[in-house]
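The values are calculated or read from the model by the stated rules, or taken from the named source; none is laboratory data. Since this is a predicted model, take the numbers as computed values, not measurements. Neighbour counts run over all protein chains shown; Cβ positions are idealised from the backbone, glycine included.
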Amino acid sequence: MKLLPASGHKRMPWKNGGGETVEIAVFPEGASLSQFDWRVSMATVASDGPFSAFPGIDRTLSILEGNGMTLLIEGRAPAPLTQASAPLAFPADTATSAKLIDGTIVDLNVMTRRGKLTHHVRRLVVEGEGPLASEAAATMLLCHRGAVTLDGSGQTVALSAGDAVLASGPLAASLKAPAGCTLFLIEIDTAEGA
């Protein structure tokens, strides 16, 4: 398991220049916005507007902070997305724009290269202790609120808000969050037939 502390996340402009994103991790490491196989980032959205297009990429968004936004995805009904909503998956190369519900938000953005990789994002609330198991090719756990200790693969890793841990291959671990925490579990796998 590799610790990805919040202090090490990379800040960069959005692809369309309309804001700033905080890159948590990208693969291959150091890949550009046009060359990555997968990417996990957070963005602050302060105004309504279009999303950057990423040809051949699938994307999932979750709201981390703020009152949410309504996504206008071409060919779909408007999709309100709030902190209480399940993560929303959609193609990153479909014309998409956002309308803020009430003020600035921060979102979690997970992207994988279509036909090569797939991903699944889940919000987890942990109070006390519990198991975590993933059979994915790569697993990331992002601590959103609170603090948690992860015990697995012969390692113990402590995460606080904004920290993440990345594991290659199957992961079996125990989570300990005596004061409770909110996490995002991101599982990345090889696409069928890839």
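Name the single residue, out of those in the range 30-45 being under 16 Å from Thr112 (Cα atoms) and of a type in the set (S, T, N, Q), that is modelled with the highest pLDDT. Let's see the steps before the verdict.
Applying the first criterion (under 16 Å from Thr112 (Cα atoms)) to the range 30-45 yields 30-42.
If we keep only those that are of a type in the set (S, T, N, Q) too, we end up with 32, 34-35, 41.
Details: Ser32: 88, Ser34: 88, Gln35: 92, Ser41: 97.
For the range 30-45, the residue satisfying everything is Ser41.
Might you check whether a residue that is more than 26 Å from Ala46 (Cα to Cα), among the small types (Gly, Ala, Ser) and touching a Leu at 6+ places or on another chain (Cβ under 9 Å) occurs anywhere in the range 81-92? Full working, then the answer.
Residues of the range 81-92 that are more than 26 Å from Ala46 (Cα to Cα), as a first pass: none.
The answer is no, given that none of the residues of the range 81-92 is more than 26 Å from Ala46 (Cα to Cα), among the small types (Gly, Ala, Ser) and touching a Leu at 6+ places or on another chain (Cβ under 9 Å).
Select, from Ser174, Ser168, Ser160, the only residue that is surrounded by fewer than 16 Cβ atoms within 10 Å (Cβ to Cβ) and either touching a Cys at 6+ places or on another chain (Cβ under 7 Å) or at positive phi (or both).
Working: Ser174 fails: either touching a Cys at 6+ places or on another chain (Cβ under 7 Å) or at positive phi (or both); Ser168 fails: either touching a Cys at 6+ places or on another chain (Cβ under 7 Å) or at positive phi (or both).
After ruling out the rest, the residue left standing is Ser160.
Return the pairs, sorted by first residue and then second, in which the second residue is among the hydroxyl-bearing types (Ser, Thr, Tyr), the first residue lies in the range 31-42 and is part of a loop (DSSP other than H, G, I, E, B), the beta carbons are less than 9 Å apart, and the residues are 6+ apart or on different chains.
So the pair list comes out as Leu33/Ser52; Phe36/Thr112; Asp37/Thr112.
Could you look through the range 46-68, keep only residues that are aliphatic (A, V, I, L, M) and at pLDDT 95 or above, and pick out the one that is nearest to Leu142 (Cα to Cα)?
Start the filter on the range 46-68 by keeping residues that are aliphatic (A, V, I, L, M), which leaves 46, 53, 57, 61, 63-64.
From the residues that got through so far, the ones that are at pLDDT 95 or above too are 57, 61, 63-64.
Details: Ile57: 21, Leu61: 14, Ile63: 13, Leu64: 11 Å.
Looking at residues that are aliphatic (A, V, I, L, M) and at pLDDT 95 or above, I get Leu64.
Can you name the condition, by its number, that Arg114 falls short on among (1) surrounded by fewer than 21 Cβ atoms within 10 Å (Cβ to Cβ); (2) under 14 Å from Met1 (Cβ atoms); (3) of a type outside the set (Asp, Glu)?
(2)
Could you grab me the full set of residues in the range 82-107 that are touching a Phe, Trp or Tyr at 6+ places or on another chain (Cβ under 8 Å) and assigned to a strand (DSSP E or B)?
Within the range 82-107, Thr96, Ser97, Ala98 qualify.
What about Asp107, is it within 24 Å of Ser160 (Cα to Cα) and acidic (Asp, Glu)? Spell out the reasoning first.
Values: within 24 Å of Ser160 (Cα to Cα): yes; acidic (Asp, Glu): yes.
Criteria met by Asp107.
So which of Leu71, Leu4 ends up being at pLDDT 95 or above and over 15 Å from Asn109 (Cα atoms)?
The match here is Leu4.
Rundown of residues vs (1) of a type outside the set (S, T, N, Q); (2) out of contact with any Gly (no Cβ under 7 Å at 6 or more places or on another chain); (3) over 30 Å from Gly152 (Cα atoms), yes/no style:
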position: Pro5; (1), (2), (3): yes, yes, no
position: Pro13; (1), (2), (3): yes, yes, yes
position: Pro28; (1), (2), (3): yes, yes, no
position: Ala31; (1), (2), (3): yes, yes, no
position: Asp37; (1), (2), (3): yes, yes, no
position: Ile57; (1), (2), (3): yes, yes, yes
position: Leu81; (1), (2), (3): yes, no, yes
position: Ala84; (1), (2), (3): yes, yes, no
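Can you tell which of Ala138, Ala147 is surrounded by 13 or more Cβ atoms within 10 Å (Cβ to Cβ), in contact with a Phe, Trp or Tyr (Cβ under 9 Å, 6 or more places away or on another chain) and among the small types (Gly, Ala, Ser)?
Working: Ala147 fails: in contact with a Phe, Trp or Tyr (Cβ under 9 Å, 6 or more places away or on another chain).
Residue meeting the stated conditions: Ala138.
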